[in-house]
Structures are given as C-alpha cells and as structure tokens.
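Each reported figure results from applying straightforward, stated rules to the coordinates on display, with no laboratory input. It should be emphasised that the depicted structure is a prediction, and the values quoted were computed from it without experimental measurement. Note that we place each Cβ from the backbone using ideal geometry, even for glycine, and neighbour counts take in every protein chain shown.
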Amino acid sequence: MDVPVTAVYDANVLYPAPLRDLFIRLAQAGVVRARWTEEIHDEWVRNLLVDRPDLTPERLLRTRTLMNDAVRDCLVTGYDHWIPTLSLPDAGDRHVLAAALCAGAEVIVTFNLKDFPSEFLVPHGIAAVHPDEFVVNLLDTVPGGWCVKPSNVSGRDCATPREQSRNCWPPSRARDWLKRSLACGRSPRCCDHVWGNLTEASPGVRRRRPA
C-alpha cells in the first residue's frame, strides 16, 4: 500500500469513539487522506443515537464538526450524480462508492465487506478493506511513522497534561488506548502488531509530531 492512501471511511468505522479517534489520527499523521460525507456522518450519528440514548444530537453535532475541522479536505461533495450509475448488493450503500469515486479513493474502509464485493469495485479501481487489515498494512508500510496519541475528537483523550508536555505516554496508558481503539473496533490481530512496532521503535513509546 502506497502512502498517503486516499480512503473513504464507512459509517461503521466512525461509529465507535476510540476507533474514530485512531482513524482520524492516521489522517492527521499524513499516512491517510481520509474522506467521508455528510451522508456518512448522518448514518453513524443516527445509529449511535439509537444505541446510546444518553447522548444528544447536539453533542454528536459538535463531534462531527470537530472531525471535519480536524482533517483537511475530508468532506466529499458533488457525488450524487454517480449514485444512479452504480450497482451494489444493497442500493443504500451506493453513496459510499459514489463518494469514493468522486474523491479518487483507492480504498473504502469498512467492516461490511460483504456489502462491497470486489466484482462491483474492481472495475472502478477501488478495494474494500477491513479496518484491521488497513491499519496493519499501514504500519507495515511506514513502521513507526505515525503516533499513538489519540486525536481527542471524541473528548476522551487519556493522556495527562504532564504526559502531553513531555510528548510521550507511559507504556501502560498507550497500550490501554490501543486496546480500546482496536479491540472495541473488532480489530483483534492489530493491537499486538501495532504495539510491537511502537515499542521496538522506542521503549518510551515516543510520539512523533506530523511534519
């Protein structure tokens, strides 16, 4: 996988807060040109409000605004004309493929691979990739090239001010965050792989700042 890779994040990748933070951080580190749409936002927000009645639309509106501000050129627009020309098993998913085409994306990152069969994507030069595989491939391409510090878009940054000022995390905090980000996002094989590369690069789990 060449980096930076242009990828559309499906709604199910943005739904879990820790995984959302990780994937936004990948974009901020410069290894992914992350793309999504307001329609994708609407989908993950709608589902989260159903599953989490303690959350409010206003709170999630703030989250999506922070996401849009955090990643340069993330919002894809002007893709609607593609939708009627596309075929997928579920017509309701065509907007994701249309956004990928409009954005010039190589990859759609999604848990629902069955909804994006390769025979429908290959003619467009696009692949659907599971988040687990996506992160592992990125790390193999640029080992140590991106940091573990979460973006705090969801307001759940677990680094203390002192740790932030030292530009590093103690290993226990870094590993806890990785486990939450990857395990809760059904990315089981990724945590040990990521952790091994990070600790090998620096025993103190040193964070790199994007250039």
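A compact table of results
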read-out	value
In the stretch 99-141, residue farthest from the chain's Cα centre (by Cα) [restricted to those that are under 18 Å from residue 20 (Cα atoms) and among the aromatic types (Phe, Trp, Tyr)]	111
Restricting the stretch 1-32 to residues that are outside any loop (DSSP other than H, G, I, E, B) and among the aromatic types (Phe, Trp, Tyr), the residue that is surrounded by the most Cβ atoms within 10 Å (Cβ to Cβ)	9
Condition met for residue 109 (under 16 Å from residue 33 (Cα atoms) and in contact with a Pro (Cβ under 6 Å, 6 or more places away or on another chain))	yes
Conditions (1) surrounded by fewer than 17 Cβ atoms within 10 Å (Cβ to Cβ); (2) of a type in the set (Lys, Arg); (3) touching a residue at least 24 places away in the same chain (Cβ under 8 Å); number of the one not met by residue 35	(1)
Filtered residues of the stretch 121-142 (kept if touching a Ser or Thr at 6+ places or on another chain (Cβ under 6 Å) and outside any strand (DSSP E or B))	131, 132
Residues located in the stretch 94-114, provided they are surrounded by fewer than 19 Cβ atoms within 10 Å (Cβ to Cβ) and out of contact with any His (no Cβ under 7 Å at 6 or more places or on another chain)	94, 102, 104, 106, 112, 114
Residue 62 being part of a loop (DSSP other than H, G, I, E, B) and among the charged types (D, E, K, R)	no
